[in-house]
């Protein structure tokens, strides 16, 4: 797995040889170089504060929980910030693994989508390697 540094000190791991695209909104897309494999990892970084006070962790957690599909299997990952994760299969047979990592003022969401369950699980295996260093937006 290869480590990528995202904004605000988030570090994630994706399979070796994958490509990355970044949107101006702060979202990232990761996908395999092999165009036959339609697996995609979508990562979004959110930072929230008002008058130099970080948004409470509970608000960051609730923001993620509102984005979770209904009737999902919830999983726990033990890392250095709180995490809530889930897995589900959509009506059209797409395997969806998602995770939200939250602490005061910060939220990282990861979502894997694939029609191949083994590929989806392979990418989601990196969820337990997420690291948060709490840096400013563009510090490396």
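The values are calculated or read from the model by the stated rules, or taken from the named source; none is laboratory data. Since the model is a prediction, treat every value here as computed from it, not as a measurement. Don't worry about glycine lacking a Cβ; one is built from the backbone with ideal geometry, like all the others, and counts go over all protein chains shown.
Of the residues in the range 31-59, how many are buried (at least 18 other Cβ atoms within 10 Å of the Cβ), touching a residue at least 60 places away in the same chain (Cβ under 8 Å) and in a loop (DSSP other than H, G, I, E, B)?
Of the residues in that region, 1 qualify.
Which ones in the range 88-99 are at pLDDT below 90 and surrounded by 15 or more Cβ atoms within 10 Å (Cβ to Cβ)?
none
Would you pick out the residues in the range 116-136 that are surrounded by 15 or more Cβ atoms within 10 Å (Cβ to Cβ) and closer than 27 Å to residue 92 by Cα?
119, 120, 122, 123, 124, 126, 127
Hey, does the range 116-130 have a residue that's assigned to a loop (DSSP other than H, G, I, E, B) and farther than 22 Å from residue 58 by Cα? Don't jump to the end; show me each part of the working.
Initial filter on the range 116-130 (assigned to a loop (DSSP other than H, G, I, E, B)): 116, 130.
Checking the rest, the ones that are also farther than 22 Å from residue 58 by Cα come to 116.
Yes, the conditions are met somewhere in the range 116-130.
Within the range 18-30, can one find any residue that is at pLDDT below 90, in a strand (DSSP E or B) and either in contact with a strand residue (DSSP E or B) (Cβ under 8 Å, 6 or more places away or on another chain) or on the phi < 0 side of the Ramachandran plot (or both)?
No, that holds for no residue.
From (1) within 21 Å of residue 125 (Cβ to Cβ); (2) in a helix (DSSP H, G or I), pick out the condition that doesn't hold for residue 63.
(1)
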